[in-house]
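Everything on this sheet refers to the single structure shown next.
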Amino acid sequence: MVIDSHLHVLKAENFDEVTEAQIGHRHPEDTPIEDLVGWLVDAGVHKAVVMGQDTTRMWNSSCGEDYVLECVNQYPDLFVPLAAVEAVDRSGRLNRAGLEYVERAVLDHHFKGMLLTPPYGHYSSDDPQVYPFYEKALELDVVVQYHHCATSAGVALAPYRYCRPESLHNVLIDFPGMKVVLEHLNYPWYEELFFLMANPGVCVYADLAMTYHRPLTLTWNLVKAKEFGVLDKIMYASDYWAAGAGVFSDNPGDDMQRWIELIRHGINEVAERSGWPTFTEDEIEGILWRNAARLYGFEPEV
């Protein structure tokens with residue numbers, strides 16, 4: 001049993017080719033939804049948290065929210081949607097249209113939360129303009145997922161001043177009951193993440209997307225998460241974006257199966273060779289599906 005807690009679908013028409021070239025991205029093709037579903041099923045994925053990614057503020061691109069809804073309507077038993085928004089508009093003000101969209105997506109289409117990407121939008125997560133989104137998340141009892149970490153795709157894409165964990169710490173002080181997910185183990189600020197997660201009264205989860213290509217680092221961070229007592233809030237995620245992009249090969253289905261196998265067996269092999277504590281079957285099953293099921297409230301269905 002596997003839950004993929006973070007993947008993207010996209011329409012190429014929602015990307016600006018000039019901007020993509022400027023930041024060194026290859027212009028994507030439409031997500032082949034039937035292929036994606038096949039890859040997920042072959043990998044044993046029971047549910048997948050699916051989203052676009054809105055970077056219109058700085059990069060004039062998005063994935064296309066209509067396509068996310070189309071995919072969810074086509075495969076409602078597989079896909080669990082999040083709404084991707086820029087919380088701050090091009091003038092540095094509250095994005096009221098985005099806030100209204102999140103509410104409609106949750107109430108009318110049963111989206112489970114929102115994706116915010118402050119580093120890509122060049123704003124801080126503790127900017128007061130963003131706080132209405134947090135208030136709305138608490139009101140609707142939904143998840144706020146962040147790309148809050150650095151990127152190796154170019155320093156201008158996600159400047160560190162918008163990535164650092166201090167701003168997220170400020171958010172948790174003001175909204176301690178908010179359900180938060182941090183993508184990519186919030187690299188490179190792993191231990192800062194674990195400290196945040198270990199604080200009493202907060203609900204902070206993290207996913208493993210884009211960590212599998214460094215299995216030694218991944219395993220060591222999972223050992224630390226276990227020692228911090230937060231391993232039960234770590235979730236498998238593929239971060240599917242496009243074949244041949246990022247850490248994906250031209251055969252994403254093979255990548256997904258290899259990463260799941262790394263969690264199921266490989267991390268214990270690394271831990272044993274390194275003389276580190278190993279992981280129980282329950283802990284591994286937690287990473288692969290149980291922790292995500294608990295967060296999103298569909299454990300009885302799995």
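The values are calculated or read from the model by the stated rules, or taken from the named source; none is laboratory data. This is a predicted model, so every value here is computed, not measured. Counting neighbours? That spans all protein chains shown, and the Cβs are built from the backbone with ideal geometry, glycine included.
Taking region 27-89 as the region of interest, the helices (runs of 4 or more DSSP H) fully inside it that hold 1 or more residues being under 30 Å from A156 (Cα atoms) and acidic (D, E) are 65-74.
How many of the residues making up region 1-26 are of a type in the set (V, I, T) and either crowded, with 22+ Cβ neighbours inside 10 Å or in a loop (DSSP other than H, G, I, E, B) (or both)?
Let us first name the residues in region 1-26 that are of a type in the set (V, I, T), namely 2-3, 9, 18-19, 23.
Then keep just the ones that are either crowded, with 22+ Cβ neighbours inside 10 Å or in a loop (DSSP other than H, G, I, E, B) (or both); that gives 2-3, 9, 23.
Qualifying residue count for the region: 4.
Give the residues of region 140-179 that are farther than 14 Å from P118 by Cα, among the hydrophobic types (A, V, I, L, M, F, W, C) and within 15 Å of the chain's Cα centre (by Cα), sorted by residue number. V142, V143, listed by residue number.
Look at E29 and say whether it is touching a residue at least 40 places away in the same chain (Cβ under 8 Å), more than 20 Å from the chain's Cα centre (by Cα) and surrounded by fewer than 15 Cβ atoms within 10 Å (Cβ to Cβ). I'd like the intermediate steps shown before the answer.
Details: touching a residue at least 40 places away in the same chain (Cβ under 8 Å): yes; more than 20 Å from the chain's Cα centre (by Cα): yes; surrounded by fewer than 15 Cβ atoms within 10 Å (Cβ to Cβ): yes.
Yes; evaluated as a whole, the condition is true for this residue.
Has region 216-237 got at least one residue that is assigned to a loop (DSSP other than H, G, I, E, B), at pLDDT 95 or above and on the phi > 0 side of the Ramachandran plot? Yes, that holds for at least one residue.
Just checking, which of G52, G92, G121, G64 is without any contact (Cβ under 8 Å) to a residue 40 or more places away in the chain and either loosely packed, with under 14 Cβ neighbours inside 10 Å or not β-branched (V, I, T) (or both)?
Numbers: G52 fails: without any contact (Cβ under 8 Å) to a residue 40 or more places away in the chain; G121 fails: without any contact (Cβ under 8 Å) to a residue 40 or more places away in the chain; G64 fails: without any contact (Cβ under 8 Å) to a residue 40 or more places away in the chain.
Just a single option satisfies the conditions, and that option is G92.
Of all residues in region 10-37, those satisfying the criterion of being of a type outside the set (S, T, N, Q) and touching a Gly at 6+ places or on another chain (Cβ under 7 Å) are L10, K11, I23, G24.
Look at region 216-237: where a residue is touching a residue at least 40 places away in the same chain (Cβ under 8 Å) and a partner is buried (at least 21 other Cβ atoms within 10 Å of the Cβ) and of a type in the set (D, E, K, R), sitting 6+ places away or on another chain with Cβ atoms under 7 Å, you get M235/D207; Y236/D4; A237/D4; A237/D207. Is at least one residue of region 132-150 part of a loop (DSSP other than H, G, I, E, B), at pLDDT below 95 and not basic (K, R)? For region 132-150, residues part of a loop (DSSP other than H, G, I, E, B), at pLDDT below 95 and not basic (K, R): present.
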